[in-house]
Amino acid sequence: MKREIGMDKQNIIRALIVDDEQDGREVLRHFIAAHTEGVQVMAEAANLPEAKELIVTINPDLVFLDIHMGAGHIFSMLDEFDEINFEIVFVTSYEQYSLTAIKFNALDYLLKPIDIFELKAAVEKAKKRVLGKRTYEALVRNMLDSLDMETQPRKVAVHVGDSVVLVALSTVIYIEADGNYCTMVTITGEKYIVTRMIGEFEEYLGPKSDFVRINRSVLASVSHIVKYSKGFPCMLTMADGKIFEVARRKKADVIEKLGEQK
């Protein structure tokens, strides 16, 4: 039976800490007790089998999950659940590819050493999601898909007002940079402004994706290129009629990517 995410009668968030370092668990437990309200740490796990068992038996509302346990096997553990009915705050010691995937799917994370203000902010967001019974599983599933080297990211999470919209990458014609922002333009005419830089998108999408960097500010989907000119400058016409110039050094990449799609 599916368990709805929610608080108990005392409005307490039931939390689980998963970390293979005892010091890390103790520090986080202390910070949660001293600096957050309405959160009770029900248990701690020092390894992944124990974590999985506790998630099943105590039904936590919130799991603090260190992503360095078992060389990244925590993502495989999450993938084993038919339903993810709990909030997750990932904990990490340094920047890495998986953190990029976490950011792009609008999931919360904390960098060690843990900053108290960042902890409080992450907990407050989790509490709001618990109270509102918001769907969380789709974001986690999309992150897991994006971490699978055999597949490619299929969606990007975009904040729109008080909601998070999962935009299918297959519908995106191009992604255009404007400083620290990017605009995703879809085949149906929607435009989504995302607070990510073009280089972050390029890293998230990876070299096997449908997208190719055509110049300093544009990632174009080869599936939505209508035509291109053979000479220089090389001009691309996209499905919405927008025309972009391809940087000279990027033309070979575009031609190669178009060949892969045949």
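What to note about this one:
- Those strands (runs of 3 or more DSSP E) lying entirely in the range 15-107 with at least 2 residues of a type in the set (Gly, Ala, Ser): 39-45
- Residues in the range 167-183 that are open to solvent by less than 50 Å² (accessible area, probe 1.4 Å) and part of a strand (DSSP E or B): VAL167, ALA168, VAL172, ILE173, TYR174, ILE175, ALA177, CYS182, THR183.
- Filter pass, ILE114 being assigned to a loop (DSSP other than H, G, I, E, B), modelled with pLDDT under 95, under 22 Å from the mean Cα position of the chain (by Cα) and surrounded by 14 or more Cβ atoms within 10 Å (Cβ to Cβ): yes
- In the range 198-235, the residues that are among the aliphatic types (A, V, I, L, M) and at pLDDT 90 or above: ILE198, VAL212, ILE214, VAL218, LEU219, ALA220, VAL222, ILE225, VAL226, MET235
- Number of residues in the range 58-78 that are hydrophobic (A, V, I, L, M, F, W, C), modelled with pLDDT under 80 and either open to solvent by 10 Å² or more (accessible area, probe 1.4 Å) or on the phi > 0 side of the Ramachandran plot (or both): the value is 1.
- Listed by first and then second residue, the pairs linking a residue in the range 154-166 that is more than 15 Å from CYS182 (Cβ to Cβ) to a residue that is open to solvent by 70 Å² or more (accessible area, probe 1.4 Å) and among the charged types (D, E, K, R), with Cβ atoms under 8 Å apart and 6 or more places separating them unless they lie on different chains, are LEU166/LYS155.
- Whichever residue in the range 8-20 is open to solvent by 70 Å² or more (accessible area, probe 1.4 Å) and either of a type in the set (Ser, Thr, Tyr) or in contact with a helix residue (DSSP H, G or I) (Cβ under 9 Å, 6 or more places away or on another chain) (or both) and, among such residues, is farthest from VAL89 (Cα to Cα): ASN11
- For the range 21-61, a residue qualifies if it is over 22 Å from TYR94 (Cα atoms) and touching a residue at least 60 places away in the same chain (Cβ under 8 Å), and the qualifying residues are HIS35, THR36, GLY38, VAL39, ASP61.
- Look at the range 120-145: where a residue is within 14 Å of VAL167 (Cα to Cα) and a partner is at pLDDT 70 or above and among the small types (Gly, Ala, Ser), sitting 6+ places away or on another chain with Cβ atoms under 6 Å, you get LEU139/ALA157; MET143/ALA101.
- Taking the criterion of being modelled with pLDDT of 80 or more and either open to solvent by 70 Å² or more (accessible area, probe 1.4 Å) or in contact with a strand residue (DSSP E or B) (Cβ under 8 Å, 6 or more places away or on another chain) (or both), the residues of the range 79-94 that qualify are ASP79, GLU80, ASP82, GLU83, PHE86, GLU87, ILE88, VAL89, PHE90, VAL91, THR92, SER93.
The values are calculated or read from the model by the stated rules, or taken from the named source; none is laboratory data. Note that the structure is predicted; figures quoted are calculated from it, not measured. Don't worry about glycine lacking a Cβ; one is built from the backbone with ideal geometry, like all the others, and counts go over all protein chains shown. Accessible surface is based on the protein model in full, side chains and every heavy atom, while ligands, DNA and RNA are left aside. Shrake-Rupley method; radii C 1.70, N 1.55, O 1.52, S 1.80 Å.
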